[in-house]
Every structure is written in C-alpha cells, then in structure tokens.
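Below is one structure, written out as structure tokens, with a few remarks after it.
Read the figures in this text as sums done on the coordinates, not as results from a lab. Source: prediction; values computed, not measured. Note that we place each Cβ from the backbone using ideal geometry, even for glycine, and neighbour counts take in every protein chain shown.
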Amino acid sequence: MDLLNTLVEKGLRRELPTREEALAVLATSDDDLLDVVAAAGKVRRHWFGRRVKLNYLVNLKSGLCPEDCSYCSQRLGSTAGILKYTWLKPDEASKAAAAGLAGGAKRVCLVASGRGPTDRDVDRVSDTIKAIKDQNEGVEVCACLGLLSDGQAERLREAGADAYNHNLNTSEATYGDITTTHTYADRVDTVQKAHAAGLSACSGLIAGMGESDEDLVDVVYSLRELDPDSVPVNFLIPFEGTPLAKEWHLTPQRCLRILAMVRFVCPDVEVRIAGGREVHLRTMQPLALHLANSIFLGDYLTSEGQAGKADLEMIADAGFEVEGADEVTLPEHRAAGGGCGSESACGSEGGGVCGSAPAPASSSGEQPAQVPQSSQSSQADPGQVRTDLVAVRRRGAGTDLAPNA
C-alpha cells in the first residue's frame, strides 16, 4: 500500500502524517491489518528496537472521587464494587511498589483519586517518592494526582519525581460529553505545568467510549502538539455501575489499528498499552507489542490485569525483551531534551516536526500516497459484551493480599 510506505518513511523522519493519512489507518480493512501492524512495527523498531518497558501502578487512594468522569469506576456516583481506601502510608506504598519492581518494572506510577492534590497531599506523595527511591536505586517514579496548582509540579520534582501523568482522554470537542466537573483546558494546563517544572510529561487517551475516528485523530494530534514523552493508550473497561458500562465498541482488530495510528503520529514517543488490553485485545496482545514499546505489569487501579508472569512470558514468546533498568527508554534526541519541549525546538512550519524541514519531494517521481476513502464510518460494530473479562481488583495496594506482579 502506498499509504503504509509513506507512513513508514514519515515515521523514520519524525514527520507528522496528514490527518487524512491518520484517518485512513483507522479505516483499513481486516484483510490489510497485518500489513498495517508490520508497517507501524518498522517505525517502532527503528526508535525502540525490541525492548518493552514495564511499568507498575500503585493506587495510593482509591475511590471517593468528587469528579464525574463517565468512564471511571472511582467517579462521583459510581456503584462499582471497587476497593475504597484513603491514603497509603509511605512504607505501605513502597512495599507495594517493590512487588512490581521485583517483577521487572523500571517505573512506578503513583496514582491517587480526586480532582487534584492539596499541598498536604503533595507532602504525602513526596514522602512516598523518597521512600521508594531510597529503597530502590535507579527506579523511575511517575505521579498521577489530578489537576495541579501552581508550584506543585516543582515540589514533586524536588521530591524526586521523574514524570507526571495526566491524560487528555478524548478530543476537545467531545470532552464535555464525558466530564462536566472540569474542562479539557484544565487537563492541558496540568500537562503544561509538568513540562515547565522539568518533569517528563505522560499523557494519553481512552478509546472505546463511543468516539468517532475523527475524535481519536483529534486527541492524538493534540497529544503530539503537547509533546509528552509517554502516551498511554487505554481501552475503556466498561465497569458495571458507571455511565459507560454498556459501551462495548472495541474489537481486537480496532485496538490494533488505533495503536498503529498512534505510533505513526507519535513515532519516537513511548507508546504504552495501558488499561483494558486484556479485555479488548485478548489473544491479540502479542501483536500489539509490535506497535507499543511499553505496558503495565500486572493489575491496574481498580481492575485486575493478567498475571505478571503471563506478561513476561508473552513478551519473550513474541520475540521481545524486557527493558533493563540501565537502558534509556527514549531515543537519544528526546532523552537529551531535543524533543518538542520549547518554542525553539518546535517553531517549524509546513508540516515539519521538531525543527525538521518538510519532507522533500520524491526523487523517483512517485505520486503522493493514495489514501483510501471509506463510504461509511470505520467505527467498529459493538463487539460481544464480555463482562466476564472485567474483574475488580481485590489484591495488592489497600489490601492484605499479595499483589499480582
């Protein structure tokens, strides 16, 4: 396909695809799916080899959130039967983190429900970061605490945080349909605060909430503009007791197309398969490793993932290797701060990225890529409802049971 050849060439140059090309990836047929995976896999391997970074979630405070995000089991009004507890003490959080690190994770993600942290909350998390770093040399720590106020990102950085996660989740045009207690602009502001404080920004999306292909492309292009180092791709886990409990729009094939589109738009960024991979990718998870270079190990915030041992076996069986603690995740130009982190690095026009010039015309006289046109929406038909695949987490952080790692 001319389209895929063009997208590979652009990915190797870090050149932004056109919106039409990104939409065309989502519109490809199942007959072309392996070709799409193979093409995006070339871009993934060019920038990240066959390494898979492992991340581990620790839910510091579960449930009891005043926000009304429709997708979330911890939301205001949720009747999902999840674990609910207030802040873990630093030693409890450190013990939980140690389980994931023993399983091969190199980054610990500290997450707390709520609109955003108070200054006292930042003190709590700072103490937890210090405890984890004191006991685990070389570990990366990412905080995810909601909307940040002025100065809080700097305080987390001073405490030793390496990164901050705050997802955009969906397009600006449809954000108000899933959340009313804060705005899309609030989320953008928090990602920018993390960037400005010197934290590695982590921001992604949730697919499967009934959005259109255009919405998916919009949010990924917005992420590209924000320039996070990590882009988690979540697939909606439709929890009973939440407004989106009946939204089962994803198939394994559609999930792979979404991951491929993200890889083409964000070629040199850590693309992480996050929540919902077991629910929606199912037996196709190994194929997704050809697109993403990062996954979460074991369980998620309020739901169970597959066994950590199964994750490690899947990575090995698919011909990939776990990224070591001494390896740098990002390509050299990003790890050294050469990504689009400032106006001087991102002031180019005409489609170039990170200061690069626009792609030169083909010297072979080839015509531009043919972008397939679809006469109907490429949104997947709702798949079979598999509520049996959604298991509430009952172990690990906040319980007396050993974690799944």
Point-to-point label distance, Arg395-Val328, nm (Cα→Cβ direction, 7 Å offset): 3.8
Net charge of neighbours whose Cβ lies under 12 Å from the Cβ of Thr329, counting Lys and Arg as +1 and Asp and Glu as -1: -3
Dmax and Rg, reported as Rg then Dmax, of the chain (C-alpha, Å): 20.1, 66
Column: log10 I(q)/I(0), Debye, Cα scatterers of the range 276-326, q = 0.12, 0.16, 0.30 Å⁻¹: -0.25, -0.45, -1.42
Candidates per GluC sites (Glu not before Pro) in the range 272-331, loop by DSSP, up to 13 other Cβ within 10 Å: Glu327
Charge dipole magnitude, Cβ of K and R +1, D and E -1 - the range 2-325, Cα centre, debye nearest 20: 740
Förster radius 30 Å - calculated FRET efficiency between Arg50 and Glu137, Cβ distance, rounded to 0.05: 0.70
Inter-label distance for Arg386 and Ala335, nm, one decimal - labels placed 7 Å from Cα along Cα-to-Cβ: 3.6
Where N is the number of residues in the range 171-264, Cα Rg divided by 2.2 N^0.38 Å: 1.12
Using θ = phi - 60° and Karplus 6.51 cos²θ - 1.76 cosθ + 1.60, couplings along the range 303-315 (whole Hz; Gly, Pro as x): 10, 8, x, 6, 4, x, 4, 5, 4, 5, 5, 4, 4
Choice from Val265, Val220, Val390 showing the highest fluctuation, given a GNM over the chain with Cα pairs closer than 10 Å: Val390
Within the range 225-282, trypsin sites (Lys or Arg not before Pro) in DSSP loop having at most 14 other beta-carbon neighbours inside 10 Å: Lys246
Helix axis angle, 90-102 relative to the chain longest principal axis, alpha carbon, degrees: 40
Paramagnetic label zone (point 7 Å from Cα along Cα-to-C-beta, Lys84; backbone N under 19 Å) in the range 54-74: 59-74
Which listed pairs, of Lys106/Lys309; Lys106/Lys130; Lys42/Lys106, have C-alpha distances above 21 Å, in listed order: Lys42/Lys106
Amide H contacts of Ala207 (H built 1.01 Å from N, under 5 Å, at least 5 apart or other chain): Asn234, Phe235, Leu236
Residue-averaged 222 nm ellipticity for the chain, from DSSP H runs of 4+ at -39500 (n - 2.57), nearest 500: -10000 deg cm²/dmol
Euclidean distance of C-alpha centroids, the range 47-66 and the range 101-156, integer Å: 12
Spatial separation of Cα centroids for the range 240-287 and the range 74-94, in angstrom: 25
J(HN,Hα) series, the range 33-47, from Karplus relation 6.51 cos²θ - 1.76 cosθ + 1.60, nearest Hz, glycine and proline x: 4, 5, 5, 5, 4, 5, 5, 5, x, 4, 5, 4, 5, 4, 8
Tensor-based shape of the range 49-109 (alpha-carbon gyration tensor, a/c under 1.5 rounded, otherwise prolate or oblate): oblate
J(HN,Hα) series, the range 18-26, from Karplus relation 6.51 cos²θ - 1.76 cosθ + 1.60, nearest Hz, glycine and proline x: 6, 4, 5, 5, 5, 5, 5, 4, 5
